[in-house]
């Protein structure tokens with residue numbers, strides 16, 4: 001499963017987080033510590049877009 005941290009005004013995805021479950025992904029979202037006034041988090045990519053600046057984080061198996 002994946003979550004997307006995105007810029008609210010532009011729809012640009014800053015980080016794509018891939019994990020085994022919601023708890024692992026949520027830990028990584030909190031670790032990333034993006035400003036919640038500027039960025040949002042979603043599990044649905046509709047209307048959002050990646051750029052060359054998009055980071056990809058894989059936390060599969062990281063929190064076992």
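The values are calculated or read from the model by the stated rules, or taken from the named source; none is laboratory data. Since we're looking at a predicted model, the values are computed, not measured. Please note: Cβ atoms are built from the backbone with ideal geometry, for glycine as well, and neighbour counts cover all protein chains shown.
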Residue check for residue 15: at pLDDT below 95, surrounded by 14 or more Cβ atoms within 10 Å (Cβ to Cβ) and touching a helix residue (DSSP H, G or I) at 6+ places or on another chain (Cβ under 7 Å): no
Reported set for the stretch 32-48 where residues are exposed (fewer than 12 other Cβ atoms within 10 Å of the Cβ) and within 12 Å of the chain's Cα centre (by Cα) is 33, 43, 44
Search the stretch 12-25 for residues that are free of Cβ contacts under 8 Å to residues at least 40 places away in the same chain and pair each with any residue that is surrounded by fewer than 20 Cβ atoms within 10 Å (Cβ to Cβ) when their beta-carbon atoms are under 6 Å apart and the residues are at least 6 apart or on different chains. 24/59; 24/63
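For (1) within 12 Å of the chain's Cα centre (by Cα); (2) loosely packed, with under 11 Cβ neighbours inside 10 Å, each residue gets a yes or a no:
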residue	(1), (2)
11	no, no
23	no, yes
28	yes, no
53	no, yes
